[in-house]
């Protein structure tokens, strides 16, 4: 064997080894690009449907209402024929009209239907916090123990909230009918129903509606408070009882402070729900014959759909939206923010 043959035979494996160990070259940025594209695809997949629904059913109606509120339109004719009036609809709602001569320094503003409806919304907010909150707390603290029929009792308490407003409202219309159960009970004890009916009477109408609202929605507060109480350690209560604390002292100093975040969340839901209250009020005689218990939402429906004043009704809708939005932001920034920042110290 010659030296040339030997060197050639030895060189072949070296070339094969070098060839086998070589991989095709790819740009170093391909992998990060694929990862980024996959990340955005996942975000679009999960966020896209929710964003589409939000834009369709929240943003678009608000923008459309803001647009309609600038026009005088009956909702029937072509919108191109509507008359542009700027902010006159808002002026009409807030102080009676765009003419300064009609303002009269708000002397007659509170007699207008809009302000009357708005006052009912705020009255319901106040009464909900003043009556429903203590009532729900007392019931929840009382039921926060083991007893026979505990699950059934909770179902009965929560059942009114599950019922639709139409079914519940119709049921109470039958009960408070001039020949209904409530009227018969009043007559049985020697009393008579309010003049003109339970819902038509100027004094009894609002309180009857608030009673029905309390029956309908207080169950949610009770269940939320019971859920919060279930997270309170029993060792704390037993230790307090051993130290001589009474039942009321345990509730006031331990249970109620520890479910403070739950109470504040319910209060937030109650405030926003009271501002947007519509279904129950509308079912119960469309806010009353003289608007004695109408709300902003029911007044908006009355104006927009039954009086064919879509521009003014849209202005009321926009006012209601911004009122809810501002109150929600203020409540979250001042009250709920503390619970999120210091969940253990919140009380």
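The values are calculated or read from the model by the stated rules, or taken from the named source; none is laboratory data. The shown structure was predicted, so the numbers you read here are calculated from the model rather than taken from an experiment. FYI the Cβ positions are ideal-geometry reconstructions off the backbone, even for glycines, and counts take in every protein chain you see.
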Inset, instruction - Quick one: residue 292 ticks every box in (1) modelled with pLDDT of 90 or more; (2) crowded, with 17+ Cβ neighbours inside 10 Å except a single one, so which number is it? - result: (1)
Inset, instruction - Return yes or no: is residue 309 on the phi < 0 side of the Ramachandran plot and in contact (Cβ under 8 Å) with a residue 40 or more places away in the chain? - result: yes
Inset, instruction - Find the helices (runs of 4 or more DSSP H) located wholly in the range 153-244 whose residues include 1 or more that are buried (at least 16 other Cβ atoms within 10 Å of the Cβ) and out of contact with any helix residue (DSSP H, G or I) (no Cβ under 7 Å at 6 or more places or on another chain), and list them. - result: 165-175, 181-188, 204-230
Inset, instruction - Count, please, the residues in the range 245-275 that happen to be outside any helix (DSSP H, G or I) and either surrounded by fewer than 16 Cβ atoms within 10 Å (Cβ to Cβ) or touching a strand residue (DSSP E or B) at 6+ places or on another chain (Cβ under 6 Å) (or both). - result: 1
Inset, instruction - Filter the helices (runs of 4 or more DSSP H) completely within the range 62-151 down to those with at least 2 residues that are modelled with pLDDT of 90 or more and closer than 18 Å to residue 270 by Cα. - result: 113-127, 133-143
Inset, instruction - Could you look through the range 257-302, keep only residues that are on the phi > 0 side of the Ramachandran plot and in contact (Cβ under 8 Å) with a residue 40 or more places away in the chain, and pick out the one that is nearest to the chain's Cα centre (by Cα)? - result: 287
